[in-house]
1. Given (1) within 15 Å of residue 156 (Cβ to Cβ); (2) modelled with pLDDT under 95, identify the lone condition not met by residue 82.
2. Check residue 176 against each of (1) exposed (fewer than 15 other Cβ atoms within 10 Å of the Cβ); (2) within 30 Å of residue 25 (Cα to Cα) and name the one condition it does not meet.
3. List every residue pair whose Cβ atoms sit under 7 Å apart, with the two residues 6 or more apart in sequence or on different chains, where the first one lies in region 41-63 and is in contact (Cβ under 8 Å) with a residue 12 or more places away in the chain and the second, anywhere, is assigned to a loop (DSSP other than H, G, I, E, B) and surrounded by 12 or more Cβ atoms within 10 Å (Cβ to Cβ).
4. Name the residue that is modelled with the highest pLDDT, counting only residues in region 18-35 that are over 24 Å from the mean Cα position of the chain (by Cα) and part of a loop (DSSP other than H, G, I, E, B).
5. Residue check, residue 144 against (1) modelled with pLDDT of 95 or more; (2) loosely packed, with under 15 Cβ neighbours inside 10 Å, all met but one. Which one?
6. For region 1-20, give me the residue count where each residue is surrounded by 12 or more Cβ atoms within 10 Å (Cβ to Cβ) and without any contact (Cβ under 8 Å) to a residue 24 or more places away in the chain.
7. (1) within 23 Å of residue 175 (Cβ to Cβ); (2) surrounded by 15 or more Cβ atoms within 10 Å (Cβ to Cβ): which one isn't true of residue 92, the others all being true?
8. Restricting the search to region 95-139, which residues are part of a loop (DSSP other than H, G, I, E, B) and crowded, with 19+ Cβ neighbours inside 10 Å?
């Protein structure tokens, strides 16, 4: 199978279902940003120790994001059957449960914090911010196009999960949690 099709040379691409749209179409922007997030998560996962349970969790998250990408790429007018399975309420619940578990391991947060302190912590914050952008793009898309409500909820929780994961790795690597203070 060749990776190049020669059908996109003039700025058009196909949604799942066959509809041709410009490469700057809202759907393409949405699933492209989720794909960018997926790539950052791969980078984060590759920097974790091999025995870290979060590596498995991140791989599972990547699979869920791939589903969301496919959902966003579907043309509702042209798709008769979903290619990728839907997310389930349990997927959102998993993120919430993990955040609660991690939060129980951390000191109380009373200040805003700045990203950084360790490369893994920084990767968590990059993933968080790309996830927030993906959520913004997807919610904007949902004003004119069909977008799964559960996919939107998953993205919302996922950005919070990355914030908590960043805090977890700050503690794990004994890095400094940098508190934001105004410079007067």
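1. Condition (1) is where residue 82 drops out.
2. Residue 176 satisfies all of (1) exposed (fewer than 15 other Cβ atoms within 10 Å of the Cβ); (2) within 30 Å of residue 25 (Cα to Cα) except (2).
3. 54/48
4. Checking each candidate, the answer is 19.
5. Residue 144 satisfies every listed condition except (1).
6. So the count comes out to 5.
7. Condition not satisfied by residue 92: (1).
8. 117 - this is the single residue of region 95-139 that is part of a loop (DSSP other than H, G, I, E, B) and crowded, with 19+ Cβ neighbours inside 10 Å.
The values are calculated or read from the model by the stated rules, or taken from the named source; none is laboratory data. Just so you know, these numbers come straight off a predicted model, no measurement behind them. Heads up, the Cβs are rebuilt from the backbone with ideal geometry, glycines too, and the neighbour counts pull from every protein chain shown.
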